[in-house]
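Engineer: Shown below is the structure under consideration.
The values are calculated or read from the model by the stated rules, or taken from the named source; none is laboratory data. These figures come from a predicted structure and were not determined experimentally. Please note: Cβ atoms are built from the backbone with ideal geometry, for glycine as well, and neighbour counts cover all protein chains shown.
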């Protein structure tokens, strides 16, 4: 169960976020916003991603290796052999 103070905090955060977005709208082109969303989704999908209290990030190199190999296989039809 969510406490009343947590609910009030969420409401305040939403109001503050809307106010900030109104005062300072994101003027970047849509393609750039989409690219950022895709990057965030990709990072969030990493299984071994860890964030330190200082803000650093670490990931198991084996997971990266697996994803690179998988991506190569999936996209190799774009490569033309000379």
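Engineer: Here are some conditions: (1) closer than 30 Å to residue 70 by Cα; (2) modelled with pLDDT under 90; (3) surrounded by 10 or more Cβ atoms within 10 Å (Cβ to Cβ). Residue 34 meets all but one. Which one does it not meet?
Structural biologist: Here residue 34 meets the rest and fails (2).
Engineer: Which ones in segment 41-62 are in a helix (DSSP H, G or I) and either surrounded by fewer than 10 Cβ atoms within 10 Å (Cβ to Cβ) or on the phi > 0 side of the Ramachandran plot (or both)?
Structural biologist: Those that are in a helix (DSSP H, G or I) and either surrounded by fewer than 10 Cβ atoms within 10 Å (Cβ to Cβ) or on the phi > 0 side of the Ramachandran plot (or both): 41, 44, 61, 62.
Engineer: Right, something else. Determine whether residue 5 is over 20 Å from the mean Cα position of the chain (by Cα) and not in a helix (DSSP H, G or I).
Structural biologist: In short, no.
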